[in-house]
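Enquirer: Before I ask anything, let me first share the structure, which is written out below as structure tokens.
The values are calculated or read from the model by the stated rules, or taken from the named source; none is laboratory data. Predicted, not measured: the structure shown is a model, and the values here were computed from it. With ideal geometry, Cβ positions are generated from the backbone for all residues, glycine too; neighbour counts draw on all protein chains shown.
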Amino acid sequence: MKASSIATSYFDCCGMTVMASQGIARQRDHDGHRSPAQSALEKSNKKVAYRRILLYSATQRLHMNSAIQDSIEKEIVVRASRERVFAALTTPDQLAKWFPVGVDGKVDTGERPVFDFGEYGKFKIFVVAANPFDYFAYRCVPGSVYCPQGFLGDVLEQPNTLVEFTLETVEGGTRVHVKESGIASLPAEVIKQTLEGNDAGWTFMIGRLEEYLNNE
């Protein structure tokens, strides 16, 4: 990018023009020529502007490189009605057929059931919403790297993620869209591994849900 175009971007973004210095820089002497002092001031201002342009460009590159992925999304279409899919998401004995190996408690809005993942631990969740027959969401503390032995404390008092299932009737059945967000709010040292582990985990689990509903 040319220096002139970079300068334009910088000024537009920051809402300022560093080349103006209290209206003095563009003053000329009586003969229509810049005085040595005025020329020196303009030269100095140009150096300041150029340094700020470089700083701004470097900062923008840093921001782009440090952006952190915050969510994981998966989607399938199953040969089942929304009512049938919703039941598979919110009925404890049906959840145990494709997701955790067991569920202790009610899976209703405001409840805090415990999902039992066997050797991977037990996790208490907080049900944000269970709206028949199109939306189910809960908050949890991710396992694997973050809490490898499980978590039975207060989910809302810890860094957590939001898991959302959205159901939509389509030709041939129901589209199931799952999204886990808030991963960037976890401790920095576990974000990368959590993204990788949970991405693979949701691919596996959504596949189990698809198999469970399609093979009934």
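Enquirer: Taking the range 114-130, which residues are over 22 Å from GLU189 (Cα atoms), touching a strand residue (DSSP E or B) at 6+ places or on another chain (Cβ under 9 Å) and free of Cβ contacts under 8 Å to residues at least 40 places away in the same chain? First the steps, then the outcome.
Expert: Filtering the range 114-130 down to residues over 22 Å from GLU189 (Cα atoms) leaves 114-119, 122, 124-130.
Among the residues that remain, those that are also touching a strand residue (DSSP E or B) at 6+ places or on another chain (Cβ under 9 Å) are: 114-118, 122, 124-130.
Those that are over 22 Å from GLU189 (Cα atoms), touching a strand residue (DSSP E or B) at 6+ places or on another chain (Cβ under 9 Å) and free of Cβ contacts under 8 Å to residues at least 40 places away in the same chain: VAL114, PHE115, ASP116, PHE117, GLY118, LYS122, LYS124, ILE125, PHE126, VAL127, VAL128, ALA129.
Enquirer: Right, here's the next one. For the range 192-212: of the residues being free of Cβ contacts under 8 Å to residues at least 60 places away in the same chain and either in contact with a helix residue (DSSP H, G or I) (Cβ under 7 Å, 6 or more places away or on another chain) or buried (at least 16 other Cβ atoms within 10 Å of the Cβ) (or both), which is farthest from PHE99 (Cα to Cα)?
Expert: Here the residue is THR194.
Enquirer: Let me ask something additional. Checking the conditions here, which among GLY110, GLY105, GLY118 is over 16 Å from ILE206 (Cα atoms), surrounded by fewer than 18 Cβ atoms within 10 Å (Cβ to Cβ) and in contact with a Pro (Cβ under 7 Å, 6 or more places away or on another chain)? Quick ask: steps written out before the conclusion?
Expert: Details: GLY110 fails: in contact with a Pro (Cβ under 7 Å, 6 or more places away or on another chain); GLY118 fails: in contact with a Pro (Cβ under 7 Å, 6 or more places away or on another chain).
Testing whether each residue is over 16 Å from ILE206 (Cα atoms), surrounded by fewer than 18 Cβ atoms within 10 Å (Cβ to Cβ) and in contact with a Pro (Cβ under 7 Å, 6 or more places away or on another chain) leaves just GLY105.
Enquirer: Do we find that ARG139 is among the basic types (Lys, Arg), part of a helix (DSSP H, G or I) and either touching a residue at least 40 places away in the same chain (Cβ under 8 Å) or within 22 Å of VAL101 (Cβ to Cβ) (or both) in this structure? Please lay out each step first, then the result.
Expert: Details: among the basic types (Lys, Arg): yes; part of a helix (DSSP H, G or I): no; either touching a residue at least 40 places away in the same chain (Cβ under 8 Å) or within 22 Å of VAL101 (Cβ to Cβ) (or both): yes.
Here the answer is no, as ARG139 does not meet what is asked.
Enquirer: Report yes if some residue within the range 161-178 is in a helix (DSSP H, G or I) and assigned by TED's automatic domain parsing to the domain that holds LEU95; otherwise report no. Step through it out loud before you land on a result.
Expert: Step one: list which residues in the range 161-178 are in a helix (DSSP H, G or I), which gives none.
No: zero hits.
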